[in-house]
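Read through the structure below, which is laid out as structure tokens, and then see the notes.
The values are calculated or read from the model by the stated rules, or taken from the named source; none is laboratory data. Remember, predicted model here, so these are calculated numbers, not experimental data. Neighbour counts are summed over all protein chains in view; Cβ atoms, including those assigned to glycine, are modelled from backbone coordinates with ideal geometry. These area figures cover heavy atoms from the full protein model, side chains too; ligands, DNA and RNA do not enter into them. Shrake-Rupley method; radii C 1.70, N 1.55, O 1.52, S 1.80 Å.
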Amino acid sequence: AHVDMEYSPAKNQKLILSLANAYRVASIEERFKYIDLGNGIHKGNPNLKSEQGWFSNLRYTFAKKRMLIKADLFANYLFDLIAEERTTATSNVYEYKNIDQALFAGAEIEFNAVVTNRLRFSTNASYVYTRDVKANTSLPMIPPAHGMTSLSYMAGNVLETSLQMEWAATQHELAANETATQGYVIFNYRINSMPVYVKNIYLQAFAGIDNILDKAYKNHLFNNRGLNFYEPGRNVFVKIKSTHRYTMSAY
């Protein structure tokens, strides 16, 4: 069941309240998988119950010709949530289980602006607070507050370049047997051409540098799935994309 209610308090502004009730059964993988990749064993659970819950989201948007602001507040309450947990602090065994009552609450915000005809700015951020209601602990495998900011410039009608900043906060809100990860900021650079049409093929070139400053950092989700390592360092890439154009005739 799902219902949306929309209200416009003023020109260019909109409020949307969404309410829903849903359930899902455990997948075959969640019930029966057994994976050993050398750094941890991930086990299914054939006795999993079906999830069910109530979901709510309040969205605010402000849109003008050269600017867009979008903000969401959400709260979800689930029964028998299916989650993968590390069984003990000293083992690398992960198993699915049902969590009787679980709460998710958080916010997301996005801002986009056309500064000039050639310069664009965008940023977003999100945060989620979780709780195993009965145990009064955080839920497993929840990312910390994170976001990205990007500044893009159009060089003529041929090239587009962008400088991106990705960040994540330190994650201290941990479930049982999880390990904390430190916050980080990394910078990326992108450049791409506009599509060029050559003999029924659209060609487009991309290049860039990920993690320009060669920052050492850990991803919270990866490092709590038995993959305790730093993310790859500086990465330079080049790629070409081709899209074929086909025409069809009917007789």
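Data for the structure
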| read-out | value |
| --- | --- |
| Links that overshoot a 25 Å alpha carbon limit, given the list K33/K97; K97/K134; K33/K134; K11/K70; K14/K65 | K33/K134 |
| Whole-percent carbon and sulfur share, accessible surface of the stretch 1-59, 1.4 Å | 57 |
| Rounded to whole Hz, the Karplus (6.51, -1.76, 1.60) HN-Hα couplings of the stretch 79-89, x for glycine and proline | 10, 6, 4, 8, 9, 9, 10, 6, 6, 9, 5 |
| The stretch 138-251 - percent of accessible surface contributed by carbon and sulfur, probe 1.4 Å | 60 |
| By average C-beta atoms within 10 angstrom, highest first, the peptides 7-17, 124-134 | 124-134, 7-17 |
| Length added when fully stretched, Y129-N157, from 0.36 nm per residue minus Cα-Cα | 5.7 nm |
| Length-normalised contact order for the chain - Cα pairs under 8 Å, 6+ apart - percent | 11 |
| Sparse-neighbour loop sites [chymotrypsin sites (Phe, Trp or Tyr not before Pro); the stretch 20-66; at most 12 other C-beta within 10 Å; DSSP] | none |
| Lys, Arg +1 and Asp, Glu -1 on Cβ, resulting dipole of the chain about Cα centre, debye, nearest 20 | 1120 |
| Around S50: net Lys/Arg minus Asp/Glu count, Cβ-Cβ under 10 Å | 0 |
| Options M5, G208, Y129, ranked by Cα towards positive dipole end of the chain, top entry (Cβ charges) | G208 |
| Solvent-accessible surface ranking, highest first, for E84, E110 at 1.4 angstrom | E110, E84 |
| Probe 1.4 Å, protein heavy atoms only - accessible area per residue of the chain in square angstrom | 63 |
